[in-house]
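Single-structure report; data block below.
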Amino acid sequence: MKRAALALALLSAGAIHAQTYRWVDKDGKVHYGDRPPASAGGQVQERRLSTPAADKSLSYGMQQAMANFPVTLYVSADCGESCNEGRDYLKQRGIPFSEKSVASKEDIDALMKLAGGEAVVPVLAVGSKSAKGWLKSDWQRLLDAAGYPSDRPR
């Protein structure tokens, strides 16, 4: 039983990275296959099926955290040292993050909603949770809870 499960897992893992082709026939019907049709001409699109988060250089734990709890850093042009320290902390810890610069009224309104009515930066959003301002212990707790690798020595 264990061998059958292992064989099935190995076969399905190979299929994740398989090539597929998409084409439209003369009647407008869309087809998919693992080989391009001989008669489709220039209407064939090659596609690779794989998960974008499956970066081989990242640990499984990091991939899961990124998929379930994406990290966004909200900053502004006049944020100063606290934004720089927060950004440096994320980089030092190896956390992939996107950065949004708060500049327009719409951006400020969205930030206030995220930060509980305050227009303060930086704000770290990890999934649906957030931390206002730069306080290493708060950011650390938020990232640890989301499953990002710890920066503490083990």
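The values are calculated or read from the model by the stated rules, or taken from the named source; none is laboratory data. Since the model is a prediction, treat every value here as computed from it, not as a measurement. When we count neighbours, we look across all protein chains shown, and the Cβ atoms used for this are built from the backbone with ideal geometry, even at glycine.
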Exercise for the section: Kindly indicate whether ARG47 is assigned to a loop (DSSP other than H, G, I, E, B), basic (Lys, Arg), modelled with pLDDT under 95 and surrounded by fewer than 14 Cβ atoms within 10 Å (Cβ to Cβ). Expected result: no
Exercise for the section: Name every residue in the range 86-127 that is part of a helix (DSSP H, G or I) and either surrounded by 13 or more Cβ atoms within 10 Å (Cβ to Cβ) or touching a Gly at 6+ places or on another chain (Cβ under 8 Å) (or both), in order of residue number. Expected result: GLY86, ARG87, TYR89, LEU90, ARG93, ASP107, ILE108, ALA110, LEU111, MET112, LEU114
Completion exercise
A careful count of residues in the range 78-101 that are under 22 Å from LEU58 (Cα atoms) and of a type in the set (D, E, K, R) gives 5
Handout entry: Where VAL71 falls short, out of the listed (1) over 24 Å from PRO149 (Cα atoms); (2) touching a residue at least 12 places away in the same chain (Cβ under 8 Å)
Key = (1)
